[in-house]
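Quick note: the coordinates plus some simple rules give every number you see, no bench work behind them. Only a predicted model underlies this, so the values are computations on that prediction, with no experimental measurement involved. Here Cβ is always computed from backbone atoms with ideal geometry, including for glycine, and neighbour counts include all displayed protein chains.
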Amino acid sequence: MRIDLSGRVALVTGSSAGIGRAIAESLARAGADVVVNGRNSARVAEVAAELGARGIAADVSTADGAQQLFAQLPDVDILVNNTGAFPARPVFDIEDAEWRDLFETNVLSGVRLTRHYGPRMAERGLGRIVFVSSEAGVQPPTNMVHYGMTKTAQLAVSRGYAQALAGTGVTVNSVLAGPTMSDGVLAMWDDLYPGLDRAAQEAQFIADGRVAGSLLGRVIRPEEIAHLVTYVASDYSSATTGRALGVDGGLVPTILP
């Protein structure tokens, strides 16, 4: 199987680092005309140059930022809603504003972009929309309940859009990522395990039970998430829509999410 995305324009939000960057790189290798997106214009330009891609700096967690993006990129063939944040916080300490801010970033960003690009894809009879969700959407972490809430919401939003776009040639799916060695996780490791190298940090993270239940027994790499997203973005996934697809290392102990 050789995935060829030549001639397809692919927007990956939050792709100047971490999982998003890995997805952008994977799609570019498959031949897509990739658009890198993030808030930091210098970082977006740097990553876009590294990948031979285009870059658009815009904060899609806000309505104004989304409009700035639309003005520069009216249409896409592949939309990967990856923008997100995952702060840890005791649930009884989370104020209203924090709930709202995380919902804007993790959920409404994808809603805004899908609402704009989805109908345009449907008019052309082909499109792929992918929400990068998390296993936290089906088993919310106690120290990040607000994060889990947003990931559960993404699953409902994704399924709803898939139903609304039924029969149009546009598919909408979610990817349930497990604990991944992203830039954010690496920064967390530096706080938790200062002085240890990456291999030792990962070993300690596992020993602390942070990936308890994973059938892999290790932390997932960003490119492993990217591989599934690239498949879902391709023609090979034409019969897959409205689904939540696991790339969690078997962490969720169920047959279906």
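Of the residues PHE92, PHE131, PHE103, only one is farther than 27 Å from LEU73 by Cα and among the aromatic types (Phe, Trp, Tyr); which?
After applying the criteria, what remains is PHE92.
Among the residues of segment 67-83, those that are surrounded by 21 or more Cβ atoms within 10 Å (Cβ to Cβ) and either among the polar types (S, T, N, Q) or assigned to a loop (DSSP other than H, G, I, E, B) (or both) comprise VAL76, ASP77, ASN81, ASN82, THR83. Of the residues making up segment 125-140, those that are in contact (Cβ under 8 Å) with a residue 24 or more places away in the chain and surrounded by fewer than 23 Cβ atoms within 10 Å (Cβ to Cβ) are GLY125, LEU126, VAL138, GLN139. The requirement of being in a loop (DSSP other than H, G, I, E, B) and surrounded by 23 or more Cβ atoms within 10 Å (Cβ to Cβ) is not satisfied by SER6.
Do we have any residue at all in segment 98-115 that's more than 22 Å from GLN68 (Cβ to Cβ) and of a type outside the set (Phe, Trp, Tyr)?
Yes: segment 98-115 contains one or more residues that are more than 22 Å from GLN68 (Cβ to Cβ) and of a type outside the set (Phe, Trp, Tyr).
Hey, could you check segment 173-208 for residues that are aromatic (Phe, Trp, Tyr) and in a helix (DSSP H, G or I) and say which is nearest to the chain's Cα centre (by Cα)? The extreme case among them is TRP189. Candidates GLY14, GLY31: the one that is at positive phi, within 13 Å of the chain's Cα centre (by Cα) and not in a helix (DSSP H, G or I) is GLY14. The sole residue among LEU196, LEU176, LEU165 that is surrounded by 13 or more Cβ atoms within 10 Å (Cβ to Cβ) and without any contact (Cβ under 8 Å) to a residue 24 or more places away in the chain is LEU196. Restricting attention to segment 1-52, the residues being of a type in the set (S, T, N, Q), in contact (Cβ under 8 Å) with a residue 24 or more places away in the chain and over 17 Å from ALA85 (Cα atoms) number 2. Only one of the listed residues (THR105, THR114) is at negative phi, of a type in the set (Ser, Thr, Tyr), in contact with a Phe, Trp or Tyr (Cβ under 7 Å, 6 or more places away or on another chain) and in a helix (DSSP H, G or I). That residue is THR114. Identify the residue in segment 209-257 that is of a type in the set (Ser, Thr, Tyr) and assigned to a loop (DSSP other than H, G, I, E, B) and, among all such residues, is surrounded by the fewest Cβ atoms within 10 Å (Cβ to Cβ). So the residue we want is THR254.
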